[in-house]
Amino acid sequence: MGLKQQLEQLKAQGLEQIQNVKDAQELNQIRVKLLGKKGPITEVLRGMKDLSVDERPKVGAFANEIKQEIAGAIEKQVQVMDQLALQQRLKHETIDVTLPGRPVKTGTPHILNQMIDDLEDLFVGLGYEVIDGPEVETDHYNFEMMNIPKNHPARDMQDTFYITNELLMRTHTSPNQARTLESHDFSKGPLKMISPGRVYRRDTDDATHSHQFHQIEGLVIDKHVTMADLKGTLEVVARHVFGNERQIRLRPSYFPFTEPSIEVDISCFACGGEGCSVCKYTGWIEVLGAGMVHPNVLKSAGVDPEVYGGFAFGLGPDRFAMLKYGINDIREFYQNDLRFLQQFQQEVK
Amino acid sequence: MKISYQWLNSFVNLHEIDPQKLADQVSLTGIEVASVIAPDQGLKKIVVGHILSTEPHPDSDHLTLCQVDIGEDEPVQIVCGAPNVAADQYVIVALPNSRIAGNVKIKRGKMRGQASEGMICSLQEIGFSDSVVPKAYQDGIFVFPEAEEAGQPVFPLLGMDDRMIDFDITPNRADTLGMHGAAWEVGAMLHERPQFPEVKVTESQITTDSLLQVSVAEKSLVPQYLLKVVQKVKIQPSPLWLQIRLWNNGIRPINNVVDVTNFVLLEYGQPLHAFDYDKLTSHQILVRRAQDQEPIVTLDGETRELTSDDLVITDGQKPVAIAGVMGGLTSEITTETQNVVLESAVFDGTSIRKTAQRHNLHTEASTRFEKGIDQGSTTEALQRAAQLLEEIAAGESSRGILVGHQELPVERKLALDPKHVNHVLGTEITTAEIGGILSDLGFEHQLEADRYEVTVPLRRWDIFIEADLIEEVARLHGYDQLPSTLPVGVQTVGGYNRKQLLIREVRQSLLANGLDEVISYALVKDDEAAAFTAHPTAKIKLSWPMTQDHAVLRQNLISGLLNDLKYNLARQQSNVAIFEQGNVFRQVDENQQPLEVPTVAALWSGNVVDESWIEKARPVDFYDLKGALTNLLTTLGLADRVSYQTDELLPELHPGRAAKLMIGNQELGFIGEIHPSLQHDRQLPPTYVLQLNLQVLLDQEQKPLVSESAAKYPAVERDMALIVDHQVTNAEIADLITTNGGNYLQNVQIFDVFTGEAIGVHKKSLAYRLHFQNPIATLTDDQVTQAMTKIQTALQTEINAQIR
Ligand SMILES: [Zn+2]
C-alpha cells in the first residue's frame, strides 16, 4: 500500500471517529491522536524519505490537505456539540412561567381623592386655580356672606355642627367663594377657581348620609360670564366623569347664594336614558347644584354686581363616586376596609 | 303639598294633559315633583252596592248576610263582618276577582257555610291611610252619604280617580303650598291664566264688632289679625266633594266647620282657626306673649307649658290657642257648637318656627307661617271660609271683619332690562317674549325706555331683585333653550400652589412605597383627639355633637389610622399599610378659627412580605417605615436635613424604637413603634407609625437642583469594620466618617451590624463601605489611605472605636 492509500485510509477512519464522538473531551483526544506529533499522519509522513524528490511535495501537499480536512471536521463537530450542550442547558433551566410573580406592593389612592385629583386636573386644564379654605369656618363666611342671614329657612337645609356661636364646621365649600372674591384682584383678570375639601353636616351616619363628606366648589367671575357658559362647563364635567355620550338637563332650584339656581341632571349612564333602577326609571340622575352668583354675595365681598357676575357650582365627589362605581353605602369611604380601597387600584378613567 | 289634578283643572285649563307629563314639565320649569300618586292604583272591580236587606248569619254572632244590588239583574248575597252594616246603605263592594289594597284578590267564597259574592269594604281596605278615614267609618265599612247608582265604579265618587302631584318645594317657593299658588305656577307654564271662583258672603245684620272685641299686643309679630263670627252653624259631616279634597291631601275630615278651615288652608295656603264662640269665657280677644310656665291644653290633648317667647290667643283671660301652631282644647269645635269665631292671621315665621320647635309641634299651619304665606289673601281667605260655612253649615256670617291689626306689605316695583336678561343668560330672548312670560306669571308690567317696570304681586314674596325676575324668565323660557358655551374673555393660567404640589408629591411617594391611602373622620372621640400629640392644645369640641364618637376635632392623624387598623383586623385583614393626608386642628384661642395644620401620617402593621411559594414571610419593622420616610424626604430634597432624636418621645411610642424627627430646631414629626403596653391594651400586633407636619416641610427653603455629570474616573471602595460601645449610634459614626473623610469621600454605606459574645458584652460591631472618588483625576492609593487613616484616628479618639 502506498503512502497515498495509507493517508486516504487514515482520513476515512478519522472522519468516522469524529462523527461518532460523544463529548468534547473525546473529541479533544481524537484531535491529539490524529493530528498530534505522534499521530498516524505524522507517522505516515516519516515514510516520505523513501519517495522520489518529485513525489515528495505532492504527497506532502496531500497530507496537509487531509490534515485540514480532519481539523475542519473537528471544528464542525465542536459547533454541533456546543449546540447540543446549549440545548441541554436551556432544557435544564426551564421554569414554570405560570407560577405567580414575586409580589411588589404598590399603594392605591383613595377613590375619593382619585375623583378629586381627576377633577382638579380637568379644571386646571381649563384655566382654574385650586384654592383651599378652612374646615372650621365662621358663621360669617359660611352663612352671612353666602346670603344666608340668621333665621333664614335655608339654615334648616344644612344642619350645622357649631363649636361656638360664631365658629362651626363648614357645611359647604361655598365660603371659599366669599374668601376668594374678597382677595381677588380683578384688574389682573377674571377669577376662575375650584375649591375642594371636606364638609360637615349634623347627620346620623347611614347608607346615604355621612356627617363628613366632600365638595368641590367652582366659581367663575368676570365682566361677562353667562348661564350658557355654566351649562357648557357642566357639560364638560359630566362628560369627563360619566362618559362622552352624557346629556345634561337643568332644572330650577334654590340656593340662597345663586340666582337663578339650578339642579343639574345627567342622562343615565347605566341605561342611556331608557329608565332603570340606577335612575329610578326616570332616565336622569341628579348630580349637582349650580347657578349664577347672587348679587348680594358679590356685594358683600366688595365686588360690584353691576360690573361683574358669573357662575358657581358645587359638586360632590362622594356622590359622583357612588354613582360611577355603584357604591351603595357612603360609609364605605370612611371605614377604610382595605378590600374596598384596593379595588380602585385599577386605572379607572 | 300634593296638588290635585282635578282641583287644579278647575282653576286652569289643563287641556287634558297627562298628569305625569304635567308633573315632568313642572319639574323642568318650576318645582320638583316628587311623585304622581294614583289613589286607585292596583285596584279593580270595586263598585257601589246598595244593601237591600240584611239578616244575621245563622252560624255566627258577628256576621251579617246582606242582599246587595250591584247593578246586575239579581241582587247577590255578601257576608259582612262590619258592625255598622245595615239595610239601605250604599256601600263599597269588591266583586269576585277584584283587587283591593295590598294587591289582595277577592274571590267568590263561602263564610261559615254561606255564599259570599265578594266583600263590602272599609276605606282602609281600598287603600286609604287610617289617618285620613273619617272617625265614623274608622272601625267599619264606608257608607255613601247619598244614594248612588249601584254597580258603578266607586273611584270617581271617592276622588280616587284623581292624580295627586306631589310638589317637593324649595324654601323660596312656599307660594305653591296652596292651590291658588300652584294654579298660578302651572298656568304660567301652560300660558293659561287661572280663574278662581268669586267669593260672595251673604252676611247678616249683626256686625262682628258687636260680638267680639280684639286687641293685638305684639303687633310686630302679628302683621295681620282678622276675625269674623259665623252664627247658628249646623255641625255635620262635610259634603263628599270637600272630604275628598282633604283626604287626598292627607287630612282627616272631622266636621264641616273644621273641614272648611282646612279646605281654605289648602285653597289659599292661609291657615285659619275656628273657635267655639260660646266656650270663650269673655269675648275680648287678646293676642299677647304667653307668661312663663302658663299652661294650655292643645287640641291633641297634651298639656303644654308656655314661655314668654310663645305667642298666644287669649279670651281675655286664658290662652285659647298657641298662635299659628295649634288651638286649645277648651274652645274646640264640637258637635254642640253653634257659633264659630273664624281667625285669619299672619304671624311672624321665625317666632312660629321657634315655638313649633320648642314644643315639637309641627302642624300644617305652623309649617306655612314658617315658610311664608300670601299676605294679600288673608282677608279673602276669611271671607271664603265664611261663605263656605253659609253654604254647607247653614251659618250666618257676621257683618264685616274685625281687624286686630293689618299691615300689608308693599308690592315691589322692579325694573327688568331685557339686555340684562340676555347678558346674564347668554341668550337672545326678545323683549316681547319677556313681556309674554311676565303676563303668564300675572305680573303687571310696562315697557319704559327699553326696560320693563314690573309690579310683583304679594303672592310672590320670594322676588326681591332683578336677578329674581331673570330667573323667572330663564325657567319659563326653558333651560333646555339655553345654549352651551364656555367662558371667553381674558385667558387664565390655572394651576396648583406649592402646598398642593407638595401634598401631591407626598401622597405619590407613599403610594409608590406600597401604602394604601385612607380618609378617616376629622371629628373623633374626646380621648382620641389629643393622643400622639407632642404639644396638645385645648380641645376643640362640638357644642352639640350627634354622637360622642365624633365630638372633638383631631389633633393627630394616628388615632384615625389605628381605628382603620382595628376595623381591618376585625375583618381578617392583618397586613395593613396605610396613610392619610389631612388637617389636624390646633386651638389658638377659643373664639378664633383654629390652626389647620396640613399633616400626613402612615401606619404599617403585619407582614411586609407574605409567605409565598417563592419567599418567606417577613413582618414589618421600624426600618421598613423609615425606608418609606427616607424615600419621601428624598423626593422633597430634604433627606439629609432631617435628624432622628431619641429623647422627649411621645408616651404612646416604644421608648427604644422611636424617634422625634427634626429639621434644624423645627419639629417635623415622629416615627416609631406603638408602645407595647398600648399594643397590648388595644390588642394590636406590632405596629409602626409616623406623622409629619407638612407645614414644616413647606417652610423649608427649596434648594434649586443643579445637575452634575456622572464621574469619568474610577471610584475606589474601602471596607472598614469597627467595634464600639453599644450606645454609640450609626449616625454618630457616619458623621465622624463624613467629617474626617476628606473631599474625595463620596458615600458611606453601612453593610453589617453585629452583636454577640464574641465581641464582648455591651459592644457591637459595624462594617462600612466607603466610596472615594476624584471627579477630575484618577485617585491614587496614597490619597485613599491617607483619608482612611484620618477617619480611623478620629473614630479611635472620639468614640474609642476598635478598628478591625
Ligand atoms: Zn337608568
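Quick notes
- Of all residues making up the stretch B:62-75, the number that are outside any loop (DSSP other than H, G, I, E, B) and not hydrophobic (A, V, I, L, M, F, W, C): 3
Residues are listed down the side, and each one gets a yes or a no for (1) out of contact with any helix residue (DSSP H, G or I) (no Cβ under 9 Å at 6 or more places or on another chain); (2) crowded, with 21+ Cβ neighbours inside 10 Å:
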| site | (1), (2) |
| --- | --- |
| B:LYS539 | no, no |
| B:LEU562 | no, yes |
| B:ALA577 | no, yes |
| B:GLU580 | no, yes |
| B:VAL597 | no, no |
| B:ILE614 | yes, no |
| B:ASP621 | yes, no |
| B:LEU625 | yes, yes |
| B:THR635 | no, no |
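- For the stretch B:646-659, the criterion of being among the β-branched types (Val, Ile, Thr) and either crowded, with 16+ Cβ neighbours inside 10 Å or touching a residue at least 24 places away in the same chain (Cβ under 8 Å) (or both) is met by no residue.
- Verdict on A:ASP185 being in the same structural domain as A:ASP117 (by TED's automatic domain parsing), in contact (Cβ under 8 Å) with a residue 12 or more places away in the chain and either open to solvent by less than 10 Å² (accessible area, probe 1.4 Å) or more than 16 Å from the ligand (Cβ to nearest atom) (or both): no
- Segments classed as helices (runs of 4 or more DSSP H), wholly inside the stretch A:104-189, with at least 3 members that are within 9 Å of another protein chain (Cβ to nearest Cβ): A:111-125, A:154-157
- In the stretch B:763-782, the residues that are open to solvent by 60 Å² or more (accessible area, probe 1.4 Å) and out of contact with any strand residue (DSSP E or B) (no Cβ under 6 Å at 6 or more places or on another chain): B:PRO775, B:ILE776, B:THR778, B:THR780, B:ASP781, B:ASP782
- Boolean, B:VAL716 is of a type in the set (Val, Ile, Thr) and surrounded by 13 or more Cβ atoms within 10 Å (Cβ to Cβ): yes
- Among the conditions (1) touching a helix residue (DSSP H, G or I) at 6+ places or on another chain (Cβ under 7 Å); (2) modelled with pLDDT of 85 or more; (3) surrounded by 13 or more Cβ atoms within 10 Å (Cβ to Cβ), the only one that A:THR106 does not satisfy is (3).
- With a requirement of 3 or more residues that are open to solvent by less than 50 Å² (accessible area, probe 1.4 Å), the strands (runs of 3 or more DSSP E) lying completely within the stretch B:76-136 that satisfy it span B:76-80, B:90-100, B:114-116.
- If only residues of the stretch A:261-283 that are buried (at least 21 other Cβ atoms within 10 Å of the Cβ) and within 8 Å of the ligand (Cβ to nearest atom) are counted, the one that is farthest from A:ALA228 (Cα to Cα) is A:CYS279.
- In the stretch B:430-539, counting only helices (runs of 4 or more DSSP H) that sit wholly within it, the ones holding 2 or more residues that are away from chain A (no Cβ under 12 Å) and within 30 Å of the chain's Cα centre (by Cα) span B:526-529.
Residue-by-condition table, conditions (1) without any contact (Cβ under 8 Å) to a residue 24 or more places away in the chain; (2) within 16 Å of the ligand (Cβ to nearest atom); (3) within 10 Å of chain B (Cβ to nearest Cβ):
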residue	(1), (2), (3)
A:PRO256	no, no, yes
A:VAL307	no, no, no
A:ALA312	no, no, no
A:LEU315	no, no, no
A:GLU332	yes, no, no
A:GLN345	no, no, yes
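- The stretch B:580-589, residues that are more than 7 Å from chain A (Cβ to nearest Cβ) and under 30 Å from the mean Cα position of the chain (by Cα): B:GLU580, B:GLN581, B:GLY582, B:VAL584, B:ARG586, B:GLN587
- Only residues that are outside any loop (DSSP other than H, G, I, E, B), more than 7 Å from chain A (Cβ to nearest Cβ) and free of Cβ contacts under 8 Å to residues at least 40 places away in the same chain were counted across the stretch B:542-569, and they come to 4.
- The stretch B:301-322, residues that are in contact with a Ser or Thr (Cβ under 9 Å, 6 or more places away or on another chain), part of a loop (DSSP other than H, G, I, E, B) and more than 20 Å from B:ASP278 (Cα to Cα): B:LEU306, B:THR307, B:ASP309, B:ASP310
- Of everything listed in (1) at the interface with chain B (Cβ under 9 Å from one of its Cβ atoms); (2) more than 16 Å from the ligand (Cβ to nearest atom); (3) not polar (S, T, N, Q), the single unmet condition for A:ARG249 is (2).
- For A:GLY243, the conditions (1) on the phi < 0 side of the Ramachandran plot; (2) within 16 Å of the ligand (Cβ to nearest atom) are fulfilled apart from (1).
- Checking B:GLN796, B:GLN695, B:GLN792 one by one, the residue that is in contact with a strand residue (DSSP E or B) (Cβ under 9 Å, 6 or more places away or on another chain), within 30 Å of B:HIS535 (Cβ to Cβ) and not in a strand (DSSP E or B) is B:GLN695 and no other.
- Selection from the stretch A:284-303 of residues that are in a strand (DSSP E or B) and open to solvent by less than 40 Å² (accessible area, probe 1.4 Å): A:ILE285, A:VAL287, A:LEU288, A:GLY289, A:ALA290, A:GLY291, A:MET292, A:VAL293
- Of all the criteria given as (1) open to solvent by 50 Å² or more (accessible area, probe 1.4 Å); (2) in contact with a Leu (Cβ under 8 Å, 6 or more places away or on another chain); (3) farther than 29 Å from B:VAL608 by Cα, the one not satisfied by B:PRO545 is (1).
The values are calculated or read from the model by the stated rules, or taken from the named source; none is laboratory data. The structure displayed is predicted, hence computed values, not measured ones. No Cβ is skipped: glycine too gets one built from the backbone with ideal geometry, and neighbour counts run over all protein chains shown. Just the protein is used for accessible areas: all its heavy atoms, side chains included, with ligands, DNA and RNA removed. Shrake-Rupley method; radii C 1.70, N 1.55, O 1.52, S 1.80 Å.
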